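J.: Here's a structure for you.
The values are calculated or read from the model by the stated rules, or taken from the named source; none is laboratory data. Quick caveat: nothing in here was measured; it's all calculated off a predicted structure. Please note: Cβ atoms are built from the backbone with ideal geometry, for glycine as well, and neighbour counts cover all protein chains shown. All accessible areas refer to the heavy atoms of the entire protein, side chains included, with ligands and DNA or RNA removed. Shrake-Rupley method; radii C 1.70, N 1.55, O 1.52, S 1.80 Å.
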Amino acid sequence: MFGRPWHRYAWAPVPLLSMSVLACLPFIVAAYRGVIAWWIAGLYTACSATVLVFAIVQPKVNGWFPTAVWTLMITAVVHVFLLDRAKPQAK
């Protein structure tokens, strides 16, 4: 997924910087490159769309929604760090 080691650190904060609305972006790129399945990118896209709709509509929700958003963002950041395939060790 990452051409250089620093790319991982460049992609990882995207979900946090966008407050999870763009959390799906690294996963769409990873699915396009064949690193993950498209359904995973679709799942992150659905979660990001839900957050965006809730941000626009601003319904009265309990305290679970901010917890769910933070969980999505933290999970997305950790998942981005895990996207790189294991590279074979040279002997």
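J.: Search segment 35-57 for residues being more than 18 Å from I74 (Cα to Cα) and among the aliphatic types (A, V, I, L, M), and hand back the single one that is surrounded by the most Cβ atoms within 10 Å (Cβ to Cβ).
T.: Initially, segment 35-57 is screened for residues more than 18 Å from I74 (Cα to Cα), giving 35-39, 53-57.
Checking which are among the aliphatic types (A, V, I, L, M) leaves us with 35-37, 53, 55-57.
Working: V35: 17, I36: 20, A37: 12, V53: 11, A55: 12, I56: 7, V57: 7.
Top of the filtered list is I36.
J.: Checking M19 against (1) among the hydrophobic types (A, V, I, L, M, F, W, C); (2) open to solvent by less than 80 Å² (accessible area, probe 1.4 Å); (3) in a loop (DSSP other than H, G, I, E, B); (4) at pLDDT below 75, only one condition comes out false. Which one?
T.: Result: M19 fails condition (2) only.
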